[in-house]
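Visitor: First, the structure itself, so that you have it in front of you.
Laboratory data are not the source of any read-out in this text; all were calculated from the coordinates shown. All values derive from a computational prediction rather than experimental measurement. When we count neighbours, we look across all protein chains shown, and the Cβ atoms used for this are built from the backbone with ideal geometry, even at glycine.
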Amino acid sequence: MEKKFIIAIDGPAGAGKSTIAKLVAKKLGIIYIDTGAMYRAITYKCLLSGIDLRFLSEDDYESNSLISDIIEIAKNTEINFYGDSIYVDEKNKDDEIRSSEVTKNVSGVSKIKEVREIMVLLQRDITQKSSALLDGRDIGTVVFPNADYKFFLTAEVSERARRRYNQLLEKGIEVDFDSLVDEIRARDEQDMNRKVSPLKKASDAIEVDSTNMSIQEVVDFITKTVLEGSGRNV
Ligand code: DC
């Protein structure tokens with residue numbers, strides 16, 4: 001496989017995108033870009049600068065003067081990926097961007113049109129020279145509408161919450177399962193109903209429902225599809 005190619009994996013929160021994307025990229029020997037981590041990085045920096053992001057869940061958020069501060073932060077943040085790690089202004093922030101404070105506020109930040117424009121340019125720039133796999137919400141629809149391979153990864157809400165619950169438990173964090181279900185539903189709702197680049201399946205994406213599939217099964221399916229070229233959009 002010599003020609004440069006792009007793989008897009010989109011889907012809702014907790015469908016296993018990043019775990020699967022990392023493994024597929026490794027198998028194919030191409031770079032992996034976690035675009036959700038980029039929106040998380042901007043959210044993290046806004047919180048660090050003391051911006052109260054709660055206004056983003058209000059209907060008239062666009063008229064709030066804090067929006068321009070957030071856009072400024074997005075413009076002035078350097079984001080790099082080294083291997084599977086994210087560096088924000090040259091510092092590794094893998095853990096910080098996954099805090100519950102960032103998780104709660106990231107959907108709000110990702111609604112801002114100008115923030116999205118900056119992130120999309122960066123995503124196209126990072127992948128200009130080499131084959132890449134990107135995961136997110138709008139990769140197959142907006143960032144790379146002509147991606148060579150597109151997948152839409154889903155799973156039932158209860159299964160997504162169960163996986164997240166187990167992940168947190170492994171880290172020694174015990175949370176209320178029902179609150180997790182509510183949090184995932186709320187993020188789905190925000191991501192699917194926002195005005196700019198809402199989460200939606202590209203018409204030419206292959207849908208993979210992972211509710212009853214193991215990680216390995218999903219990885220094998222995607223890798224096989226790519227290697228056989230059967231899902232190629234030409
Ligand atoms: O995949 P994740 O949970 O790390 O994503 C965090 C948030 O970023 C998610 O709530 C929606 C947003 N996001 C987005 O709007 N567009 C993307 N391409 C990736 C993520």
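Visitor: Find the centroid of the Cα atoms in segment 74-112 and in segment 155-234, then give the distance between the two in whole Å.
Guide: So the separation of the two Cα centres works out to 20 Å.
Visitor: Just for the Cα atoms in the chain, what are the lengths along the principal axes, largest first, rounded to whole Å?
Guide: 50, 39, 33 Å, listed from the longest principal axis down.
Visitor: Continuing with the same structure: Hey, what angle do you get for helix 66-75 against the long axis of the chain, alpha-carbon based, 0 to 90 degrees rounded to 10?
Guide: Around 40 degrees separate the two axes.
Visitor: Same structure again: Most mobile of R164, R124, R40 per a Gaussian network model of the chain (Cα springs, under 10 Å)?
Guide: Greatest mean-square fluctuation among the candidates belongs to R124.
Visitor: With angles folded into 0 to 90 degrees, how steeply does helix 100-109 sit against the dominant principal axis of the chain? Use alpha carbons for both and round to 10.
Guide: On a 0 to 90 degree scale, this one is about 90.
Visitor: If you average 1/r over every pair of different alpha-carbon atoms in segment 61-101 and take one over that average, what Kirkwood value in Å do you get?
Guide: This gives a value of 11.9 Å.
Visitor: How much length is gained on full extension from E101 to S57, taking 0.36 nm per residue of separation minus their Cα-Cα distance?
Guide: Difference between extended and current length: 14.4 nm.
Visitor: With springs connecting C-alpha atoms under 10 Å apart, model the chain as a Gaussian network and identify which of I33, I173, I118 has the largest mean-square fluctuation.
Guide: Among I33, I173, I118, the largest GNM mean-square fluctuation belongs to I173.
Visitor: What fraction of the DSSP beta bridges in the chain is antiparallel, stated in percent and rounded to the nearest 5?
Guide: Close to 25 percent.
Visitor: Next question, about the same structure. Kindly identify segment 164-234 as rounded, prolate or oblate by the Cα gyration tensor criterion: order the square roots of the eigenvalues as a ≥ b ≥ c, call it rounded if a/c is under 1.5, otherwise compare a/b with b/c, prolate if a/b is larger, else oblate.
Guide: Judged from the Cα gyration tensor, segment 164-234 comes out oblate (a/c at least 1.5, b/c at or above a/b).
Visitor: List the chymotrypsin sites (Phe, Trp or Tyr not before Pro) within segment 47-117 that fall in a DSSP loop (any state other than H, G, I, E or B) and whose Cβ has at most 12 other Cβ atoms within 10 Å.
Guide: none
Visitor: Separate question: Can you pull out the chymotrypsin sites (Phe, Trp or Tyr not before Pro) in segment 123-203 whose DSSP state is coil and whose Cβ has at most 16 other Cβ atoms within 10 Å?
Guide: Counting only loop positions with at most 16 other Cβ atoms within 10 Å, none of the chymotrypsin sites (Phe, Trp or Tyr not before Pro) in segment 123-203 qualifies.
Visitor: Next question, about the same structure. So if we plug the beta-carbon distance of D89 and N146 into 1/(1 + (r/R0)^6) with R0 = 22 Å, what FRET efficiency do we get, rounded to 0.05?
Guide: 0.10
Visitor: Lysines within cross-link reach of K45: Cα-Cα under 17 Å, excluding same-chain residues under 8 positions apart?
Guide: Within the straight-line cut-off, K45 pairs with K75, K91, K93, K104, K111.
Visitor: Kindly provide the Kirkwood hydrodynamic radius of segment 114-234 in Å, to one decimal, from all pairs of distinct alpha carbon atoms.
Guide: 16.4
Visitor: With the calculation restricted to Cα positions, what are the radius of gyration and Dmax of segment 37-159 in angstrom?
Guide: Expressed in Å, the Cα Rg and Dmax of segment 37-159 come to 15.0, 41.
Visitor: In degrees, nearest 10, range 0 to 90: what is the angle between the Cα axis of helix 35-48 and the longest Cα principal axis of the chain?
Guide: 20
Visitor: Working out 0.36 nm times the residue gap between E78 and S130, then minus their Cα-Cα distance, what length gain in nm do you get to one decimal?
Guide: 16.7 nm
Visitor: Now, a different point. Quick check for me: using +1 on Lys/Arg Cβ and -1 on Asp/Glu Cβ, what's the dipole size of the chain about its Cα centre, in debye to the nearest 20?
Guide: Magnitude of the dipole: close to 720 debye.
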